[in-house]
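Here is the structure we will look at.
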Amino acid sequence: MEMGYYPGCTLKTNAKVFEDSLLKAFEKIGIKLKELNKWYCCGTVYSLATDNLMYRLAAIRNLIRAKEDGHEKLVAPCSICYNTLKQANLMAKSDEEAMSKINAFMDEEPDYDGSVSVIHPLEVIEAKLQEIKAAVKKPLGKKYAAYYGCLLLRPKEIAIDEHENPSIMERLIEALGGSVVNFPLKNECCGSYNVASNKEAVIDANYRIITNARRNGADAIVTSCPLCHFNLKEMQKEVKKVHPEFAGLPVYYFSELMVEAFGIEMEG
Amino acid sequence: MARKSKKGEKQEMEMVRIYIMGKEYKVPAGLTIMKAMEYAGYRYIRGAGCRAGFCGACATVYRKEGDYKLHADLACQTTVEDGMWLVQLPFTPANKAIYDMDKIEADDKTLVNFYPEIARCVSCNTCTKACPQELDVMDYIQASLRGDIAKAAELSFDCIQCGLCAMRCPAEIAHYHVAQLARRLYGKYIAPKARHLEERVKEIEEGKFDEEMKKMMKMSVTQLRKLYNARDIEPEED
Amino acid sequence: MNWLLSKVEELSGENLYACYQCGKCSAGCPMVEEMDLLPNQVILLVKLGDESVVEAKSPWVCAQCYQCGVRCPREVDIAKIMEAIRLIKLRKNIDHIKLENVEKNLPQIAIVSATRKYTG
């Protein structure tokens, strides 16, 4: 099976390991993710103002590219890209006035009708848990805290699972032979873009979230968002400066666990 | 308006109306914007260079009657049309980052570190529409943002730095400066090195061509021209 | 109606009078410790036309995580209200950060989001 694939800027840079592991893991379960021939930065955080259509152009343009490449489904692994593309697509389906303005502004593009469906790889995985179990060669032995953050779950309209108590990632981890821990802060924000202006907010969030996962017995944290990954992993050294007793945890993308359990060797 | 042809007959010259900075002029049809402005009495001190579409000095914006679009072109390459409203934009204010090519590295953050405003690109595509060189400007900015220096260098190769993209950008990006850094990084750190070039530079430094250079210095222009026209040309490789 | 309330309602599309100050938004907000005004206080001050809210820290600390909005019993999307307050400044060309001062080598995802939320 082939699906359209939207990488987003950070899967080509900081989160290259996410892209590499995801493509390999999906190949193993019979899904080829085909990168769009052309794509643009989705704009990350979705614009919330009623009249800010400018910030939604990029998302719509990406959906037009997906349609042009013949994809009915577009897989967006980065949580922020997923959220933004999905919200823009909902707008395309429901807000005729906004879309007539956007279509008129982008006069060099064909009109977009909302017909591409934006999905997250974890949604694809949900239907493939049996194949995943069968593909496991080296069952994961550790205990994991599944961290969803915000943008896979909220707003409700775009949630990939039950928004207050999701479990897709836990079911994946168990299918891979790992065990999961109770993790109350699994859907609490990591501080997001505060890292660029107000680092203290991210340091505090990191401390709270990782300490909560440790207290519940986790050996590692699993995520699907390159910004959560950065804030939870790279900021640990900053947390240590404020809280010397802080022990930290390794942070992985869910796809890294998949290739590990499938016994796939990664280069580099 | 009429002028006399060689045979002495009166010949009507087709004239068009253009508006330069809001003032109406009648100029002969078929002139470029640059020549039409000179015909109308303007004298170029800045904003004109090669007059052949290569230097990027004569950026011009104009609208046509009954057309809401703002067009952007080079004055030396665009023919006047009746009802054209135009002004020259000979210079675009833009900060160029200061860097030492020997000290910076080419990685996936270099471009966005020097020009963080590229993260403000909303993919409106206005830059691409404004480019007189018909480059995919938005695409090279997007490539720059995701750290694809090679792609940014390739897509911007024909940029003449006229600045029209930067003047039109709602995100206030100075595209052409980003592209120039991308090409410099590509040339210095990414493009495959041509070994024969190194060898030739070494030969020059060792004086292999000194004798011939001395001979050429004494030649007349006619002799040089003859020599040049008779030179060996290597066949192009695919 | 005061200008601030009408501007915020226009930009956010939210009905601030639906809020009955239960404080559930503030109880669930993961960034609330960093804020100078609780999210429910932000709503109240806008309704009162208190312009100090435009200069407050809270709207800039809001990470647009949507937790407040999904939990609000009155279905007020508070993240949209925070965005509206940010835009009152950003649309007058008053940026919250100087982009050139942002730490280098942050992932693209962080820089792009910062430009969207902190620069106009």
Checklist outcome for this item: Non-local residues with an amide H under 5 Å from the amide H of A:Leu74, with H modelled 1.01 Å from N and Pro and chain starts lacking one, are A:Ser117, A:Val118, A:Ile119
Checklist entry - Any idea what Rg and Dmax come out to for chain B if you just take the C-alpha atoms, in Å? => result 23.7, 70
Checklist outcome for this item: Taking chain A and counting helices only, DSSP H stretches of n ≥ 4 at -39,500 (n - 2.57) each over all residues, the nearest-500 ellipticity at 222 nm comes to -12000 deg cm²/dmol
Next on the checklist: Run the reach check for A:Lys142 against aspartates and glutamates, Cα to Cα strictly under 15 Å, same-chain hits fewer than 8 apart removed. What comes back?
Outcome noted: A:Glu170, A:Glu174, A:Asp219, A:Glu256, A:Glu260
Checklist outcome for this item: Cα gyration tensor of chain C diagonalised, 5x eigenvalues square-rooted, in angstrom largest first, produces semi-axes 25, 17, 12
Checklist entry - B:Lys23: which lysines have alpha carbons under 22 Å from its alpha carbon, excluding same-chain residues fewer than 8 sequence positions away? => result B:Lys35, B:Lys64, B:Lys69
Item to check | Relative contact order of region A:2-122, defined on C-alpha pairs under 8 angstrom at six or more residues apart (%) | outcome: 29
Item to check | Partners for C:Lys98 among lysines (Cα-Cα distance below 23 Å; same-chain residues under 8 apart left out) | outcome: A:Lys199, B:Lys96, B:Lys109, C:Lys57, C:Lys89, C:Lys117
Checklist outcome for this item: Pseudo-spin-label distance B:Phe91 to A:Val136, built 7 Å along Cα→Cβ, given in nm, is 6.9
Checklist entry - Rg(Cα) of region A:2-122 divided by 2.2 N^0.38 Å? => result 1.04
Item to check | Residues C:Trp60, C:Trp3, B:Trp85, A:Trp39, sorted so that the one with the fewest Cβ neighbours within 10 Å comes first | outcome: C:Trp3, B:Trp85, C:Trp60, A:Trp39
Item to check | Considering only the protein assembly as shown, percent of DSSP beta bridges that pair antiparallel, nearest 5 | outcome: 50
Checklist outcome for this item: For region A:119-201 the GluC sites (Glu not before Pro) that pass both the DSSP coil test and the at-most-16 other-Cβ-within-10 Å test are A:Glu162, A:Glu164
Checklist entry - Rounded to the nearest 0.05, what FRET efficiency do A:Glu96 and B:Phe209 have when you use their Cβ-Cβ distance and R0 = 60 Å? => result 0.25
Checklist outcome for this item: FRET efficiency for A:Ser179 and A:Glu234 from the Cβ-Cβ distance with R0 = 30 Å, rounded to 0.05, comes out at 0.70
Checklist entry - Mind checking which of A:Val195, A:Val251, A:Val242 has the largest fluctuation in a GNM of chain A, springs on alpha carbons under 10 Å? => result A:Val242
Item to check | Rg to Rh, two decimals, where chain A supplies the alpha carbon set and Rh follows Kirkwood | outcome: 0.98
Item to check | Two-site FRET efficiency, A:Asp51 against A:Ser167, from Cβ-Cβ distance with R₀ of 35 Å, rounded to 0.05 | outcome: 0.40
Item to check | Entries of A:Lys16/A:Lys137; A:Lys12/C:Lys104; A:Lys101/C:Lys47; A:Lys156/C:Lys92 with Cα pairs more than 29 Å apart | outcome: A:Lys101/C:Lys47; A:Lys156/C:Lys92
Item to check | Rounded Å value of the spacing that divides the Cα centres of region A:208-268 and region C:49-120 | outcome: 27
Next on the checklist: If you average the C-alpha positions of region B:142-167 and of region A:81-115 separately, how far apart do those two centres end up, in angstrom?
Outcome noted: 27
Next on the checklist: Set the bar at 24 Å for Cα to Cα. Now go through B:Lys129/B:Lys151; A:Lys34/B:Lys151; A:Lys24/A:Lys128; A:Lys32/A:Lys67; A:Lys86/B:Lys129 and name every pair that lies beyond it.
Outcome noted: A:Lys86/B:Lys129
Checklist entry - Which three extents, in whole angstrom, do the alpha-carbon atoms of region A:132-262 cover along their principal axes, largest first? => result 45, 37, 22
Item to check | Separation of alpha-carbon centers, region B:47-64 and region A:31-72, rounded to whole Å | outcome: 35
Next on the checklist: Counting other beta carbons within 10 Å of each residue's own, what order do C:Glu10, A:Glu245 fall into, fewest first?
Outcome noted: A:Glu245, C:Glu10
Item to check | Distance in nm between pseudo-label sites at B:Glu12 and A:Lys143 (7 Å out along the Cβ direction from Cα) | outcome: 9.6
Item to check | Longest segment of chain B lacking GluC sites (Glu not before Pro) that sit in a DSSP loop with at most 10 other Cβ atoms within 10 Å | outcome: B:15-104
Next on the checklist: What are the extents of the Cα atoms of the protein assembly as shown along their three principal axes, in Å, largest first?
Outcome noted: 97, 72, 47
Checklist entry - Hey, rough spin-label estimate for A:Glu68 and C:Leu44, points 7 angstrom out along Cα→Cβ, what's it come to in nanometres? => result 5.2
Checklist entry - Helix C:39-48 versus the longest principal axis of chain C: what is the Cα-based angle in degrees, 0 to 90, to the nearest 10? => result 70
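Rule-based calculations on the coordinates, nothing more; no lab input. It should be emphasised that the depicted structure is a prediction, and the values quoted were computed from it without experimental measurement. Reconstructed Cβ throughout: ideal geometry from the backbone, glycine too, with neighbour counts over all protein chains shown.
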